[in-house]
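K.L.:
Starting off with a structure, shown below.
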Amino acid sequence: MTNQKKLGKKREQQKRRTIVLFLIIPLFFLLYFTIYPIAKMLFYSLTDWKGSASPYQFVGFSNYLNIFATESYRNVFFTGSYYLGAGLIQQVISLFLAVVMNKKIQGSGIFKGIIFFPFIMNGVAVAMVFRMFYQVNGGLDTLMNIMGMQDYIKIWIGNPKTCNYALALVYLWKNVGYSFLIYLGTMQSIPAEYYDAASIDGAGMWAQFTAITFPNIKMIVGLMATLSIVNSIAIFDIPYVLTNGKNGSNTFSTTLIETAFTYNKYGQACAMAICVLAIAGVVMVFKNIVFKEENENSYE
Amino acid sequence: MRTVMSDKQRTSILKALKYLILLTVVFIVIYPLVGVFLASFKTKIEYLSTDSMVLPLNWGNFENYKTVLLKGNVITGFANTLFIIFFSCIFSTLLCTMVAYCFTRFEFAGKNYIDKFYMMASFVPSIIVHLIIFKDFAHVGLVNNLFSIVILYSGVDIVSLYLFKQYFNQISVAVDESAIMEGCSYVRVYWNILLPMVKPAIVTACIIKITYIYNDFYTAFLYLPATEKGVMSTVLYRFIGPYSSEWSVIAAGIIVVSLPVFIGFIFAQKYVYKGFSDGAVKG
């Protein structure tokens, strides 16, 4: 009995040691890569820190006010709305494509692969593909010539009027495959008997979609749409490589980088970062409230 | 009889419509890429003087590819990328499985808080924390060090964490217990018994990680500014400077950078799909 107790105690000790050994590095990373920078950014966002060792002064909330008072900063919300729009269109298109591919169709593997591939392509490569595509006499102009629409040819990304649409389209092109894959996977997990029963009852395609498909995937659709809000703020590669933020295409991320690393206005950049964080936080809370049920089901 | 006919007709029209839609989408996806592919075989003058859909005069013109491989640092970039991927996968797999092991096998104070914390941390856009982290790394001379970026990629990400937790939960605790009865320590149970059993999860998590690292531009752009420390993204990005008037060279660069992903995708298609669908639903 005492022996067993001793063994139990020894095990308890070993257990504790294992937990410490296994968690110490991950927890350090977690603190260092999230809490620590956020705390520091909160602090510096109230100062005019230049990123160097030089002294800084507290400036109150003026960095935050600047975001809304300065044209080039305010513009990022406007640019973000293009990507947000593209993100929502992305859900509609990919949902539609998933419905089209849901039933057995010849060559579905190849179609699926082609639609998905842009998503795993290198972001810089994609941006460059479209730099060539939008060039004068590039892919788009060629296509419009063939279709007899040469009168509508414009300077696509060099023009503030069309620039953001052109860039949002690149975002759409790259990301449709992802949500398509998710929707298709979810739809294919719906038992086929449901559809069989419905078609015996004479339900058409639209009726089947509204009665069977959509109720089963609406959580995922909501989740993906919510995530696209966060993504639309953090977009970086596409505007940076295609236009370098010119022609009114500067996003939160490109402006943040420029403010901090080009102009050394770290205090200002920190305020913008906190702003991004606040948006992400609101979205997260919203997601958790709306999709609470879903969370409880999928974890564990 | 008539209804059967019209039904049949309806399905075949529907089928034709489906193919029409799919072929349109395929065209939209492939068309911009074809232009790049054709351009990669054109000479500078040829590129400027022809439409993007005109076939190259000489399919044997590999000059652009030669320029890319010999002068573009692509080989260095590829080696650096592989190095980063290799170590990041090892470290992140270790850290993620260690956390998942503790979470699924032990009860301890603060467990639920840590779990929630990981959930919350996953919503912090990584682009912003680098404002501060970069300053620190620069301060201690970790910029232009491949390991600095390995550290950044090695943190526990929520998708892998949930994936591993799910796999560990599927393994009965009786497996652990019998090993412990035979004198195994917890560390050995984790290393010798559980880790080999979650191999499929490791493959899935690594595929997501590899894709992420291979495509990430921002982190490498910030932390590895030196030319000889370039990775695939930054190497390609730096083509814009010296070759900004030679789009046919850039086209070859795009093809070279995308080719490994393309080949990898063809061979590991099943795992890639699985990885991203598992990841999305959990994350």
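K.L.:
Based on alpha-carbon centroids, what's the gap between the stretch A:203-260 and the stretch A:3-57 in Å, whole number please?
P.N.:
When both Cα centres are located, 32 Å separates them.
K.L.:
Would you pull out the residues with amide H under 5 Å of A:SER249's amide H, same chain only if 5 or more places away, H placed 1.01 Å from N?
P.N.:
So A:SER249 has HN proximity to no qualifying residue.
K.L.:
What distance in nm separates the two pseudo spin-label positions at A:ASN145 and A:LEU42, each 7 Å out from Cα along the beta-carbon direction?
P.N.:
Reported label-point gap for A:ASN145 and A:LEU42 is 5.9 nm.
K.L.:
At a Cα cut-off below 21 Å, give the lysines reachable from A:LYS218, other chains included and same-chain residues fewer than 8 away excluded.
P.N.:
Cross-link targets: A:LYS103, A:LYS287, A:LYS292, B:LYS274, B:LYS282.
K.L.:
Let me ask something else about it. Where the only charges are on Cβ atoms (+1 Lys, Arg; -1 Asp, Glu), what is the dipole of the stretch A:98-181 about its Cα centre, to the nearest 20 debye?
P.N.:
Computed about the Cα centre, the dipole is about 300 debye.
K.L.:
Right, next: Using square roots of five times the C-alpha gyration tensor eigenvalues, list the equivalent-ellipsoid semi-axes of the stretch A:62-298 in whole Å, biggest first.
P.N.:
36, 26, 13
K.L.:
Between A:THR47 and residues 5 or more places away or on another chain, which pairs have amide H atoms under 5 Å apart, with H built 1.01 Å from N, and which residues are they?
P.N.:
Result for A:THR47 returns A:VAL59.
K.L.:
Among A:PHE77, A:SER232, A:ILE217, which residue has its Cα furthest toward the positive end of the charge dipole of the stretch A:62-298, with +1 on Lys/Arg Cβ and -1 on Asp/Glu Cβ?
P.N.:
Of the options given, the answer is A:PHE77.
K.L.:
Follow-up question, since we're still on this one. With the Cα gyration tensor of chain B giving a ≥ b ≥ c as the square roots of its eigenvalues, does the rule (a/c under 1.5 for rounded; else a/b larger than b/c for prolate; else oblate) give rounded, prolate or oblate?
P.N.:
Here chain B falls in the oblate category.
K.L.:
Take B:LYS209, A:LYS154, B:LYS71 and order them by how many other Cβ atoms sit within 10 Å, fewest up front.
P.N.:
Listing B:LYS209, A:LYS154, B:LYS71 from fewest to most nearby Cβ atoms yields B:LYS71, A:LYS154, B:LYS209.
K.L.:
Turning to a different aspect of this structure: Let me understand the stretch A:182-300 better: what is its radius of gyration from the alpha carbons, and its Dmax, in angstrom?
P.N.:
That works out to 21.1, 68 Å for Rg and Dmax.
K.L.:
Moving on. Which order do the peptides A:217-225, A:280-288, A:229-237 take when ranked by the mean count of other beta-carbon atoms within 10 Å per residue, highest first?
P.N.:
Ranking, from highest mean packing down: A:229-237, A:217-225, A:280-288.
K.L.:
Could you tell me the center-to-center distance, by alpha carbons, between the stretch B:186-203 and the stretch B:21-64 in angstrom?
P.N.:
Taking the Cα centre of each part, the stretch B:186-203 and the stretch B:21-64 sit 48 Å apart.
K.L.:
Here's something else I'd like to know. Can you compute the charge dipole magnitude of the stretch B:76-238 about its Cα centre, using +1 on each Lys and Arg Cβ and -1 on each Asp and Glu Cβ, nothing else charged? Give it in debye, rounded to the nearest 20.
P.N.:
Around 240 debye, computed over the stretch B:76-238.
K.L.:
Report the dimensions of the stretch A:97-152 along its three principal axes from the alpha-carbon atoms, largest first, rounded to Å.
P.N.:
Over the stretch A:97-152, Cα extents along the principal axes are 41, 30, 15 Å.
K.L.:
Let me have the 222 nm mean residue ellipticity of chain A computed from DSSP H runs of 4+ only, each contributing -39500 (n - 2.57), with the sum over all residues rounded to the nearest 500.
P.N.:
Rounded to the nearest 500, it is -23500 deg cm²/dmol.
K.L.:
List A:SER108, A:SER179 from most exposed to least, where exposure is judged by having the fewest other Cβ atoms within 10 Å.
P.N.:
Ascending number of Cβ neighbours within 10 Å: A:SER108, A:SER179.
K.L.:
Let me ask something else about it. Could you derive backbone 3J(HN,Hα) for the stretch A:147-164 from the dihedral phi with the Karplus parameters 6.51, -1.76 and 1.60 (θ = phi - 60°), listing whole Hz in sequence and x where the residue is Gly or Pro?
P.N.:
7, x, 10, 4, 5, 9, 5, 10, 7, 6, 8, x, 10, x, 6, 9, 3, 5
K.L.:
What's the magnitude of the charge dipole for chain A around its Cα centre, counting Lys and Arg as +1 and Asp and Glu as -1 at the beta-carbon? Answer in Debye, nearest 20.
P.N.:
Here chain A has a charge dipole of around 1420 debye.
K.L.:
Take each of the peptides B:28-34, B:216-222, average the number of other beta-carbon atoms within 10 Å over its residues, and list them starting from the highest.
P.N.:
Going by the mean number of other Cβ atoms within 10 Å, highest first, we get B:216-222, B:28-34.
K.L.:
Oh, and also: Can you give me the three principal axis dimensions of the stretch B:163-229 from its C-alpha atoms, in Å, biggest first?
P.N.:
Computed over the stretch B:163-229, the largest-to-smallest principal extents equal 55, 21, 13 Å.
K.L.:
Sticking with this structure for a sec: Let a ≥ b ≥ c be the square roots of the eigenvalues of the Cα gyration tensor of the stretch A:141-180; is it rounded (a/c under 1.5), or, if not, prolate (a/b larger than b/c) or oblate?
P.N.:
Oblate.
K.L.:
Further question: How big is the stretch B:18-113 in terms of Cα radius of gyration and Dmax, in angstroms?
P.N.:
24.3, 71
K.L.:
Looking only at other chains, what is the average number of their beta-carbon atoms within 10 angstrom of each beta-carbon in B:98-108?
P.N.:
Across the residues of B:98-108, the mean count of other-chain Cβ atoms within 10 Å is 4.
K.L.:
Within 10 Å of each Cβ in peptide A:137-143, how many partner chain Cβ atoms are there on average? Round it to a whole number, please.
P.N.:
Mean number of neighbouring Cβ atoms from other chains: 6.
K.L.:
Still on this structure, I have one more. Could you identify which residue out of B:THR11, B:THR67, B:THR50 has the top mean-square fluctuation in a GNM of chain B using Cα springs shorter than 10 Å?
P.N.:
B:THR11
K.L.:
Ratio of alpha-carbon Rg to the 2.2 N^0.38 Å globular estimate for the stretch B:121-269, to two decimals, please.
P.N.:
Compared with the compact-globule rule of thumb, the stretch B:121-269 sits at 1.39.
K.L.:
Under a GNM of chain B (C-alpha, springs under 10 Å), which listed residue has the highest mean-square fluctuation: B:ALA251, B:ALA226, B:ALA100?
P.N.:
Fluctuation is largest for B:ALA226.
K.L.:
Only counting other Cβ atoms within 10 Å, I'd like A:MET128, A:MET187, B:MET232 sorted with the fewest neighbours first.
P.N.:
Placing the least packed residue first, the sequence is A:MET187, A:MET128, B:MET232.
K.L.:
Shape verdict for the protein assembly as shown, please, from the Cα gyration tensor: rounded (a/c under 1.5), prolate (a/b greater than b/c) or oblate.
P.N.:
Oblate, since a/c reaches 1.5 and b/c is not below a/b.
K.L.:
Per residue of the stretch B:161-167, what does 6.51 cos²θ - 1.76 cosθ + 1.60 with θ = phi - 60° give for ³J(HN,Hα)? Whole Hz please, x for Gly and Pro, Karplus curve as stated.
P.N.:
Each residue of the stretch B:161-167 in turn: 4, 5, 4, 5, 4, 4, 5 Hz.
K.L.:
A follow-up question, please. Counting only other chains, and only Cβ atoms inside 10 Å, what mean value do you get across the residues of B:205-218?
P.N.:
3
Coordinate-derived values only; no laboratory data. Given the structure is predicted, the values throughout are model-derived calculations rather than measurements. All Cβ positions, even for glycine, are placed from backbone atoms using ideal geometry, and neighbour counts span all protein chains on display.
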